[in-house]
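Novice: The structure follows.
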Amino acid sequence: MRRAKGKKGKARPENKPIFRYWVEVLELKTGSMATLPLTQITKIHIPRKKSDPQRPNDEILQLEDGSVKLEAKTLDDLAAQLRQRYSDGEYERRLHRERDREAEERWERGMNGLMRILAEAAVERILRETEP
């Protein structure tokens, strides 16, 4: 599999599968279940001035629980927060993951569209530079 390198030199496979994650919380007394979506976000620092140093990106797990958003740096931190919110004796918590083929298709369409835009811009630039 061909790999592309990003700005920071991280190798990333082009056909990397995309997964969807969520936590199911089951209330043991009533049997009611809540499905809480889990996402990973990257917070970036944009320096205000050219002389300001660039800070490293901050990767955070974010779990939406109604109007509350829980944030954690690791799954262990998130599990501890969920344990506080939903105690072991009263609730059962389960992390789920499944491949998100629709997201993969959207990503592929987006990348193909971007490549088409870049190719057209390159052709237009070459034609402008070669005109007498």
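No lab work stands behind these numbers, since they all come straight from the coordinates. Worth saying up front: this structure is predicted, and the values here are computed from it rather than measured. Please note: Cβ atoms are built from the backbone with ideal geometry, for glycine as well, and neighbour counts cover all protein chains shown.
Novice: Given points 7 Å out from each Cα along the Cα-Cβ axis, report the ARG85 to GLU108 separation in nanometres with one decimal.
Specialist: So the two model labels end up 3.5 nm from each other.
Novice: Let me ask another. Put +1 on the Cβ of every Lys and Arg and -1 on every Asp and Glu Cβ in the chain; which of PRO47, SER67, ALA34 then has its Cα farthest towards the positive end of the dipole?
Specialist: About the Cα centre, the residue reaching furthest to the positive side is PRO47.
Novice: Run the reach check for LYS16 against aspartates and glutamates, Cα to Cα strictly under 17 Å, same-chain hits fewer than 8 apart removed. What comes back?
Specialist: GLU98, ASP100, GLU102, GLU104, GLU105, GLU108
Novice: Specify the angular offset, from 0 to 90 degrees and rounded to the nearest 10, of the alpha carbon long axis of helix 75-85 from the longest principal axis of the alpha carbons in the chain.
Specialist: Taking Cα atoms only, the helix is inclined about 40 degrees.
Novice: Next up: Using label points projected 7 Å from each Cα along Cα→Cβ, tell me how many nm separate THR35 and LEU75, to one decimal.
Specialist: Going from the THR35 label point to the LEU75 one covers 2.0 nm.
Novice: Of the candidates ARG109, ARG99, ARG55, which one comes out as most mobile in a Gaussian network treatment of the chain with C-alpha springs shorter than 10 Å?
Specialist: Comparing ARG109, ARG99, ARG55 in the GNM, the peak value goes to ARG55.
Novice: With each run of n ≥ 4 DSSP H residues scored as -39500 (n - 2.57), what mean residue ellipticity at 222 nm is computed for the chain after dividing by its residue count and rounding to the nearest 500 deg cm²/dmol?
Specialist: -10500 deg cm²/dmol
Novice: Need one number: nm distance between label points at LEU95 and GLU129, each 7 Å from Cα along Cα→Cβ, rounded to one decimal.
Specialist: Going by the 7 Å Cα→Cβ label model, 4.9 nm.
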